[in-house]
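Below: the structure, in structure tokens.
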Amino acid sequence: MKDLVTIDDVEAISIGAGILGTGGGGDPYLESIQLRRELEHYGPQKLIDPKTLETTARMVVVGMIGAPTAGIEKLREGTEILRAVQLLENHLRQKFDAIVIAEIGGANSMGPLIAGLQAGIPTVDGDGMGRAFPELQMCSFLFHGDVDVAPLALVDAGEGAAVIPHTTTAVWSERLARNLATSMGATAGLAGVVMTGKQVREYCVPYTVSLAFNLGQRVIRARSEGDDVCEVIA
């Protein structure tokens, strides 16, 4: 697995995340531009091997919620996910040790790396699906019954912010968060699904940032060598 994400890795990760999105998750292009800028400013982003996470470490799952087309038409302010993480930290009165990617597929592959850089904490090399998925309750973190979506925090590109402290079900969390995101302009930064390192270690789909990178690298090489790109991906 990779232990760092550098500027030279962004194109490959973006290509690989687009493939893993299987048609969903939005185009990573705009987010990849911001990730390059943040890497230039902060330096490489550290990736954590999910199998080595400390049992009691505090983890938070992040991403953008809303319509991918709205994310293209309405440019991000750039710190929505970071501010959602900080809002949730203030609500819980605790700091998080690492960022977890909600979905590796599409544009949401980039935001958690950006947020980790901005917050000064590492990002886990793994996610909750191994691809893109449309609703919060569909991630692997929730399949065992001991993890909740709420509390969760949403932040828009302006000054709008909200915390949902508790919901009855994961589906209800999705409905409330989706309605809030729609009111925030159809896209918002989201932080939630708070877990321990032990839970992430056991429930995540591991090494998907590395997988996206390897896929993207192979596509880049295939293009330069004239190989059949679709065959290479398969």
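The values are calculated or read from the model by the stated rules, or taken from the named source; none is laboratory data. In this text, all values refer to a predicted model and were calculated from it rather than measured experimentally. Heads up, the Cβs are rebuilt from the backbone with ideal geometry, glycines too, and the neighbour counts pull from every protein chain shown. Only protein heavy atoms, including side chains, enter the accessible area calculation; ligands, DNA and RNA are left aside. Shrake-Rupley method; radii C 1.70, N 1.55, O 1.52, S 1.80 Å.
Here Leu154 clears all of (1) over 10 Å from the mean Cα position of the chain (by Cα); (2) buried (at least 20 other Cβ atoms within 10 Å of the Cβ); (3) within 26 Å of Tyr207 (Cα to Cα); (4) not polar (S, T, N, Q) except the condition numbered (3).
Could you count how many residues in the range 7-43 are small (Gly, Ala, Ser) and open to solvent by 60 Å² or more (accessible area, probe 1.4 Å)?
Matching residues across the range 7-43 total 1.
Ser224 falls short on exactly one of the conditions (1) modelled with pLDDT of 95 or more; (2) surrounded by 15 or more Cβ atoms within 10 Å (Cβ to Cβ); (3) of a type in the set (S, T, N, Q), and that condition is (2). In this entry, Pro134 passes the filter for residues that are in contact (Cβ under 8 Å) with a residue 40 or more places away in the chain, of a type outside the set (Ser, Thr, Tyr), within 17 Å of Ser173 (Cα to Cα) and out of contact with any helix residue (DSSP H, G or I) (no Cβ under 7 Å at 6 or more places or on another chain). Within the range 76-122, if we keep just the residues that are of a type in the set (D, E, K, R) and farther than 24 Å from Leu211 by Cβ, the residue that is most open to solvent (accessible area, probe 1.4 Å) turns out to be Arg93.
Determine whether the range 131-145 contains at least one residue that is of a type in the set (S, T, N, Q) and surrounded by fewer than 20 Cβ atoms within 10 Å (Cβ to Cβ).
For the range 131-145, residues of a type in the set (S, T, N, Q) and surrounded by fewer than 20 Cβ atoms within 10 Å (Cβ to Cβ): present.
Which helices (runs of 4 or more DSSP H) sit wholly inside the range 107-205 and have at least 1 residues that are within 22 Å of Ser14 (Cβ to Cβ) and not basic (Lys, Arg)? Output list reads 111-119. The set of residues in the range 16-38 being among the aliphatic types (A, V, I, L, M) and more than 18 Å from Ser210 (Cβ to Cβ) consists of Leu30, Ile33.
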